[in-house]
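Readers should treat all values here as calculations from the given coordinates under stated rules, not as data from a laboratory. Keep in mind it's a predicted model, so treat the numbers as computed, not measured. Quick reminder, even Gly has a Cβ in these numbers, built from the backbone with ideal geometry, and neighbours come from all protein chains shown.
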Amino acid sequence: MRQLYDVLIIGGGVVGSAIAREMSRYSLKIGVLEKNMDVCNETSGRNSGVIHGGFAYDTGTLKARLCVEGNRNMEQLAAELDFKFIRCGKVLVGNTQEDLETLKRTVEQGEANGVRGLKIIDKARLHELAPAVVGEFAMFSLTAASWIPLITRLHWLRTPIRTERTISWAMRLRPLTGTVTAITVSPLPRGGSTAAG
């Protein structure tokens, strides 16, 4: 069976699903090729649920920039896709002078990356935030957050397919029978289309 798409996304993990969601805002026929019976059935569905603040990545890298940007957009995304997350913060604990210097460098790197709400806290404040944690001091990241991936992973990824107004005609989840044996690019008057068969 030959099917034509304007955009063909290979992989229905969190990245492929996010790309499909964004592309669905345009007048395109979108296909997502996923080898499993459902989206997010592998690595994307087995993550820890941590929404990183962006302080741990080298300044100037794409990873640092996208982490900070994604963290800042999380409230809006949670509202749009109706999933819950907690802006719980995160502590990196230290005990020695060397640890303190490392944490100070981490704060500097995070601030250079655009992360807000980073600070070194003392033992008393650490105990207030995390009574079971033992340490002399810590770096506190106010913007780090968490969500529960095992409960919300499919809800999060399927919600855009159900609720985005533009996606209902542009993309449908429909299992393919058989195996994809070829993907070719076929020029069309619109500028091109991708065929899977």
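Amide H contacts of Leu33: Ile9, Ile10, Gly11, each under 5 Å away and 5 or more positions distant or on a separate chain (H built 1.01 Å from N in the peptide plane; Pro and chain starts excluded).
Roughly what would the spin-label model give for Glu136 and Arg65, points 7 Å off Cα along C-beta, in nm? That separation, rounded to one decimal, is 3.9 nm. Under 27 Å of direct C-alpha separation, and excluding same-chain neighbours fewer than eight residues apart, Lys104 reaches these lysines: Lys63, Lys90, Lys119, Lys123.
Taken one residue at a time, the phi angles of segment 44-58 give Karplus couplings (6.51, -1.76, 1.60, θ = phi - 60°) of 4, x, 10, 8, 7, x, 7, 9, 5, x, x, 7, 8, 9, 4 Hz. Gly and Pro are set to x. The HN-Hα couplings worked out from phi for segment 18-23 by the Karplus form 6.51 cos²θ - 1.76 cosθ + 1.60 (θ = phi - 60°) are 5, 5, 4, 4, 5, 5 Hz, whole numbers, x standing for Gly and Pro. One decimal place: the segment Asn47-Arg87 gains 12.7 nm when fully extended, by the rule 0.36 nm per residue minus the C-alpha distance. Label sites at Lys104 and Leu33, each approximated as a point 7 angstrom past Cα along Cα to Cβ, lie 5.4 nm apart. A dipole drawn for segment 50-146 from +1 and -1 charges on Cβ atoms has a positive end, and of Gly70, Phe140, Phe83 the residue lying farthest that way is Phe83. What the phi angles of segment 30-37 give under the Karplus curve with 6.51, -1.76 and 1.60, with θ = phi - 60°, is a coupling list of 10, x, 10, 8, 9, 6, 8, 6 Hz, glycine and proline written as x.
Its alpha carbons give segment 50-146 an Rg and a Dmax of 14.0, 44 Å.
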